[in-house]
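**Q** Here it is, the structure, as structure tokens.
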């Protein structure tokens, strides 16, 4: 039986079944959503596991030693997937080039720098702009050492316009089957490679837009099958486009079989799903065990050096601007250690940059906090009262807290929180604004 005959038979079977229940429809959608987001990103090098993807997309929690960009791109890809589903549900909607650029904006989040190759195969670095067609050639080096050249930057707008004309013409002619149209659209797009980054993910999103628009389930290219996927693309490059259509049809068969199981109320759990669930359960339990371990020295030291230290250094530097308004200013940094008997020891440091004893105190069984205190005394114009700024960081069992005493501004984070530069900037800006408000409030009119 050919792939086309198999697909037709599955569609006929599906048409004879009663409507899927709401509960099973939700489970099916969750499975397709997780499988597509995880695999499409994993193919491109994202290192989140299936369990970490589920934590992120279903429970909005982060876990694992990953760069913030990987979490952001996974969530952004999910937004793109849900958006193409919405577009596909509107049967009268006509896809335009602007939509494809919008997909690129969504999945790449923001501009960034990336390693690249020049047309002659030399290593370079290039800024990746989002939502814009490429400004530089994005050739790739094949395993045999040969360079494969996509459309040039100058030709890309012309090629993309021609691609959309082809897509709409074929849609109106209705001669190609949905799987043929989806697969060829995918291949033609990726052959142009119109963007500096994100082309593979967008090609798979566009392919599934076509399938969803024809009321078919999405195709999931499994990252474990990446070798066969690329081989099918290579065969299309060599002129055998039918090989790629056949490959996509085989993946659609899997999706239809899963949909039929869900419609019948049968389990859609695959053999590897239980492994994914076990891995997720193990990670959750280990995470909980880490959190309840009293005064874990590694987590305190890690969050101090990666986050707290940067926040306090930047605040110290930014508040220097107020020093000229006063006759004197002093900054003090204290390490406060509270033993189980509630006795408090305070260690003084000349600056936050010298507070390297974190690694030492974190090894004790004491409760730990950091206090930064800045005193501004006797304003030059006598219109501003003496100011005392106090910022305290408390390291508790499950969370750490950064707080400005007056006006009261508090941030509370899990030790598993992964901080980006933007997160740090947000904390600093809010506290800095609070300090400015304190000075204004203590100024005579």
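The values are calculated or read from the model by the stated rules, or taken from the named source; none is laboratory data. Everything numeric here is computed off the predicted structure, so don't read it as measured data. Heads up, the Cβs are rebuilt from the backbone with ideal geometry, glycines too, and the neighbour counts pull from every protein chain shown.
**Q** Take the residues in segment 90-101 that are exposed (fewer than 15 other Cβ atoms within 10 Å of the Cβ) and touching a residue at least 24 places away in the same chain (Cβ under 8 Å); name whichever of them is farthest from residue 130 (Cα to Cα).
**A** Filtering segment 90-101 for residues that are exposed (fewer than 15 other Cβ atoms within 10 Å of the Cβ) and touching a residue at least 24 places away in the same chain (Cβ under 8 Å), the one farthest from residue 130 (Cα to Cα) comes out as 91.
**Q** In addition: Under 7 Å between Cβ atoms, which residue pairs at least 6 apart in sequence (or on different chains) link something in segment 34-54 that is assigned by TED's automatic domain parsing to the domain that holds residue 251 and crowded, with 21+ Cβ neighbours inside 10 Å with a partner that is at pLDDT below 90 and part of a loop (DSSP other than H, G, I, E, B)?
**A** 48/64; 48/66; 52/63; 52/64
**Q** Which of (1) closer than 29 Å to residue 34 by Cβ; (2) assigned to a loop (DSSP other than H, G, I, E, B) is the odd one out, the single condition residue 203 does not satisfy?
**A** Only one criterion is unmet by residue 203, namely (2).
**Q** Ok, one more. Condition first: in a strand (DSSP E or B) and touching a residue at least 24 places away in the same chain (Cβ under 8 Å). Can you find one or more residues in segment 421-443 that meet it?
**A** Yes, some residue in segment 421-443 is in a strand (DSSP E or B) and touching a residue at least 24 places away in the same chain (Cβ under 8 Å).
**Q** A further question on this structure: Here are some residues: 289, 224, 266. Which one is modelled with pLDDT under 95, over 17 Å from residue 176 (Cβ atoms) and not in a helix (DSSP H, G or I)?
**A** 266
**Q** Taking residue 253 and the conditions (1) assigned to a loop (DSSP other than H, G, I, E, B); (2) more than 27 Å from the chain's Cα centre (by Cα), which numbered condition does it fall short on, given that it satisfies the others?
**A** Result: residue 253 passes all but (1).
**Q** Assuming residue 381 fulfils every condition listed in (1) modelled with pLDDT of 80 or more; (2) at negative phi; (3) assigned to a strand (DSSP E or B) apart from one, which condition is it?
**A** (3)
**Q** Further question: Quick test of your reading of the structure: residue 246 fulfils all but one of (1) without any contact (Cβ under 8 Å) to a residue 24 or more places away in the chain; (2) not in a loop (DSSP other than H, G, I, E, B). Name the failing condition by number.
**A** Failing condition for residue 246: (1).
**Q** Further question: Based on what the data block shows, is residue 196 touching a residue at least 60 places away in the same chain (Cβ under 8 Å), in contact with a strand residue (DSSP E or B) (Cβ under 9 Å, 6 or more places away or on another chain) and surrounded by fewer than 23 Cβ atoms within 10 Å (Cβ to Cβ)?
**A** no
**Q** Before we move on, is residue 260 modelled with pLDDT under 95, assigned by TED's automatic domain parsing to the domain that holds residue 30 and surrounded by 16 or more Cβ atoms within 10 Å (Cβ to Cβ)?
**A** So residue 260 fails the test.
**Q** Give me a count of the residues in segment 406-415 that are crowded, with 16+ Cβ neighbours inside 10 Å and in a loop (DSSP other than H, G, I, E, B).
**A** Going through segment 406-415 one residue at a time, the tally reaches 1.
**Q** Just to check your reading of the model, which residue among 214, 186 is surrounded by fewer than 21 Cβ atoms within 10 Å (Cβ to Cβ) and touching a helix residue (DSSP H, G or I) at 6+ places or on another chain (Cβ under 9 Å)?
**A** Going through 214, 186 in turn, just one is surrounded by fewer than 21 Cβ atoms within 10 Å (Cβ to Cβ) and touching a helix residue (DSSP H, G or I) at 6+ places or on another chain (Cβ under 9 Å): 214.
**Q** In addition: May I ask you to verify whether residue 20 is in contact with a helix residue (DSSP H, G or I) (Cβ under 7 Å, 6 or more places away or on another chain) and part of a helix (DSSP H, G or I)?
**A** So residue 20 fails the test.
**Q** Next question. Which condition from (1) surrounded by 19 or more Cβ atoms within 10 Å (Cβ to Cβ); (2) under 28 Å from the mean Cα position of the chain (by Cα); (3) closer than 17 Å to residue 236 by Cβ is the one that residue 140 breaks?
**A** Residue 140 satisfies all of (1) surrounded by 19 or more Cβ atoms within 10 Å (Cβ to Cβ); (2) under 28 Å from the mean Cα position of the chain (by Cα); (3) closer than 17 Å to residue 236 by Cβ except (1).
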